[in-house]
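Rule-based calculations on the coordinates, nothing more; no lab input. What you see is a predicted model; the values in this text were computed from it and never measured. Positions of Cβ are backbone-derived with ideal geometry, glycine not excepted, and every protein chain shown enters the neighbour counts.
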Amino acid sequence: MRYVLAAVAILAMVVGVAGLGYGEADDSPGLQLLAALLVVGAVGLGVRISRRSG
């Protein structure tokens, strides 16, 4: 289960970074905000998983 959550966190970070790129190209502040929140949430989830596993 831990590996599945880690994979979801990595996938969320990739999608978030892509959203930041698309938001920058389209000049869309709403998309950039949502993508940044997704990246921050994914990093938080990754930290939480790593702290609980060890």
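Kindly rank 33-42, 17-26, 1-10 from highest to lowest mean number of other beta carbons found within 10 Å of each residue.
Working: 33-42: 15.9, 17-26: 14.1, 1-10: 11.9.
In decreasing order of mean packing, 33-42, 17-26, 1-10 become 33-42, 17-26, 1-10.
Taking all pairs of distinct Cα atoms, average 1/r, flip it, and tell me the Kirkwood hydrodynamic radius of region 2-53 in Å to one decimal place. Mind showing how you got there, number by number?
Working: mean 1/r = 0.0896 Å⁻¹.
One decimal place: 11.2 Å for the Kirkwood radius.
Which whole-number percent is the relative contact order of the chain (Cα, under 8 Å, 6+ apart)? Before the final figure, lay out the partial values.
Details: 40 pairs, mean separation 22.9, N = 54.
Reported relative contact order: 42 percent.
Rounded to the nearest 10 degrees, what's the angle between the helix 2-26 long axis and the longest principal axis of the chain, both from Cα atoms, 0 to 90?
So the helix axis and the longest Cα principal axis differ by about 10 degrees.
Can you tell me the 0 to 90 degree angle between the C-alpha axis of helix 29-53 and the longest principal axis of the chain, rounded to 10?
In the chain, helix 29-53 runs at an angle near 10 degrees to the longest axis.
Suppose only helical runs count, i.e. DSSP H with n ≥ 4. What mean residue ellipticity at 222 nm does that imply for the chain under -39500 (n - 2.57) per run, divided by all residues and rounded to the nearest 500 deg cm²/dmol? Present the calculation step by step, with values, prior to reporting the outcome.
Values: 2 runs with 50 residues, N = 54.
It lands at -33000 deg cm²/dmol.
Under 13 Å from the Cβ of LEU5, count the other residues' Cβ atoms, weight Lys and Arg +1, Asp and Glu -1, and hand me the total. Write down the numbers at each step before the final one.
Numbers: positive: ARG2, ARG48, ARG51, ARG52; negative: none.
Neighbourhood net charge equals +4.
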